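Comments concern the structure below.
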Amino acid sequence: MPMFSLSATATLAALCLGVGVLADGIYNTSEATGNDNSGITWGDCDPSVVTNSAMSCGFFEIPLDYHDPSAGKGKLAVAKINATGERRGSIFLNPGGPGGSGLDTLNSNGFLLVALTGGLYDIVSWDPRGVGSLTVPGEIFCFDTLDEYDAFWNGTVELNGILEAGNFTDQADIDALLAQAPIMQAKYDELGRRCLRHPLGKYLRYVGTAATARDVVALADALDGPGSPVNFIGISYGTLLGAWLINMFPERVGRVMVDGVLDPRFIATEETAPVWAFDQLADSDKVYEGFITGCALAGPSGCPIATSEGQSAADIDATIQALIRQAHEADRRNASLPVTSQTIRSELLGVMGNLSFAQSFVDTEWPQFVAAVQGESNTTAQLSPRSASAPRRRDNDTSQPNPTRSYSTRAILCGDTVDLRGTYMSEVFEDIIAASHNTSRMFSAVWPSDYYSCPFWPVRAVERYQGPFNKTLANNVLVVSNKFDPVTPIAGAKAWKALLGDNATLVEQRGFGHTSVSVPSQCTNAVMFQYLVNGTVPENNGTVVCEVDADFELFKGVNTASILKAMGV
């Protein structure tokens, strides 16, 4: 699931990046600040890879399996920023993914996190199991070279994406996709065997979220004392960690805030492929509607997709759909073009996650797509070649010796989900076709998606939490969601509220994007601050509604309120 990000005026952010390595890690142990009885020897983080001088870094030893000591030991790469006021304890941050680097989050946004918590807590984050090159078990790879990766997936939708136009209204597109089903079935089965044979395969059972929940509690015991309240911020997939944490350890709940919320019952009880297609993408086309509505309001001067003044959102959509069809038809003639229907849909889905990039997309990427599709440009430096359309290692991560795709997200997500049920790839493809008709015509067919792969992933975590999710908690939690989130719809946050009742307060931010922190809201920030610092929330029958800041413009002269008004919401 996409990570969250923040505009400059909001309060926290995370980037799904890796960290660099020097010798035994990012730590400059020659200037160690010592042991604080936590079992962690804190030291200065190496300035060549961590630029936030307020951070301290260290390692924390963990059992691979909390129920089987013979499985061996691992270690977490941990970082913290000390409280600036009278210390109340620690707040642990997980930035989601799964597979997001907590060290990068703290490095990039530590001071914002300190401000959000009033400087009263140490802000602690870590690279969880399966993440980065420092934690053990670390990043999961199944291939060793790019040539090996490309040769394995050559000619499949894994590299090319699902190519279609018009949400499978053309039978030829349906036939082409279903013809790939036996090929992809065999490839995913072989991928599983390959991952298990890889030297890192021995760790696949030990990167699950239940173990990570136990790691959080162990860190709290070490840093704040045995039995201390556990304070936690979970973003996106980090909300699943939050759900498992508060229900596995309800008596330990301190200040817990989740944003961009998954309904934990989906992962615990259902296969992930239909969950993604029919549930997680349920509001993605509504976010797209907000995007095209904003473009129409901005007109040609603010949104170059608009070709004339006075165009409607439907006109903007027609222009986008026309380019997708052109790209698809061009691909049928010449499969070497850098821009396909999949390229455009994938890029748009990324923009739906953070509409603060909408202006940049229409000003820069859109003209490039038009030029490439219409043959005005044979190559564009910013456009990836076809063989790189599938995600590989984390961008800018020079610490990883392996240049191929990371399978950490897949290992964690699929390890958390239900047992294999003998699902066929043809069933997954049929779900995608159905969802493109009934759920998201724009984004159901974006491939690859780790959610679509779990019915074929061969390993489940050694421990999984499968409920109940309505435990009585030691303290109330704060549940935050945008009104329209493309991958974690507000239905997930409402499910948390329904499950936890008076133990939860729901904050509905009337905005677009993945997680509330993708757009700025002084109202939401104030609610978060009061909760994290004072433990208080507004008395609004358990639900608070906040507006996005009026001075935040998605397009020139167009803010969120004007888009919602035009949509009749």
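The values are calculated or read from the model by the stated rules, or taken from the named source; none is laboratory data. Owing to the predicted nature of the structure, the values given are computational and were not obtained by experimental measurement. Cβ coordinates were reconstructed from backbone atoms using ideal geometry, including for glycine residues, and neighbour counts include every protein chain displayed. To get the accessible areas, we keep the full protein, side chains included, count just its heavy atoms, and leave off ligands, DNA and RNA. Shrake-Rupley method; radii C 1.70, N 1.55, O 1.52, S 1.80 Å.
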(message) What is the percent carbon and sulfur in the accessible area of the stretch 142-213, measuring with a 1.4 Å probe over the protein chains and ignoring ligands?
(response) 54
(message) Just to verify a number: FRET efficiency for Q522 and E309, C-beta to C-beta distance, R0 = 35 Å, to 0.05?
(response) 0.60
(message) Can you say what percent of the DSSP beta bridges in the chain, counting only those with both residues inside, are antiparallel? Round to 5.
(response) 45
(request) With a 10 Å radius around each residue's Cβ, average the other Cβ atoms per peptide and rank 209-219, 83-93, highest first. (result) 209-219, 83-93
(message) Let me check I've understood the local charge: for A491, count other residues with C-beta under 10 angstrom from its C-beta, Lys and Arg +1, Asp and Glu -1. What total comes out?
(response) -3
(request) Could you state the accessible area per residue of the chain in Å², with a 1.4 Å probe and every protein chain left in place? (result) 36
(message) What is the sum of charges, Lys and Arg at +1 and Asp and Glu at -1, for the other residues whose Cβ falls under 13 Å from the Cβ of L348?
(response) -3
(message) Can you tally the net charge around C303? Count Lys and Arg as +1, Asp and Glu as -1, for every other residue whose Cβ sits under 12 Å from the Cβ of C303.
(response) -3
(message) Among N109, A181, V258, which residue has its Cα furthest toward the positive end of the charge dipole of the chain, with +1 on Lys/Arg Cβ and -1 on Asp/Glu Cβ?
(response) V258
(request) Answer with one residue from M248, L191, F484: the one whose Cα lies farthest towards the positive end of the charge dipole of the chain, charges on Cβ with Lys, Arg +1 and Asp, Glu -1. (result) M248
(message) Given Cβ point charges of +1 (Lys, Arg) and -1 (Asp, Glu) and nothing else, what value in debye, to the nearest 20, does the dipole of the stretch 154-221 about its Cα centre take?
(response) 620
(request) Can you check how the C-alpha radius of gyration of the stretch 64-209 compares to 2.2 N^0.38 Å, as a plain ratio? (result) 1.47
(request) Would you please report the Å³ per residue occupied by the convex hull of the alpha carbon atoms in the chain? (result) 142
(request) Please name which of A282, G511, G201 has its Cα lying farthest along the dipole of the chain towards the positive end, using unit charges on Cβ (Lys, Arg +1; Asp, Glu -1) and the Cα centre as origin. (result) G201
(request) Using a 1.4 angstrom probe on heavy atoms only, work out the carbon and sulfur share of the accessible area of the stretch 230-293 in %. (result) 51
(message) Rounded to the nearest 20 debye, what is the charge dipole size of the chain about its Cα centre when +1 sits on each Lys and Arg Cβ and -1 on each Asp and Glu Cβ?
(response) 700
(request) Only Lys, Arg, Asp and Glu count, each charged at its Cβ (+1, +1, -1, -1), so figure out the dipole size of the stretch 470-569 about its Cα centre, rounded to 20 debye. (result) 260
(request) Please list 180-186, 425-431 highest first by mean number of surrounding beta-carbon atoms within 10 Å per residue. (result) 425-431, 180-186
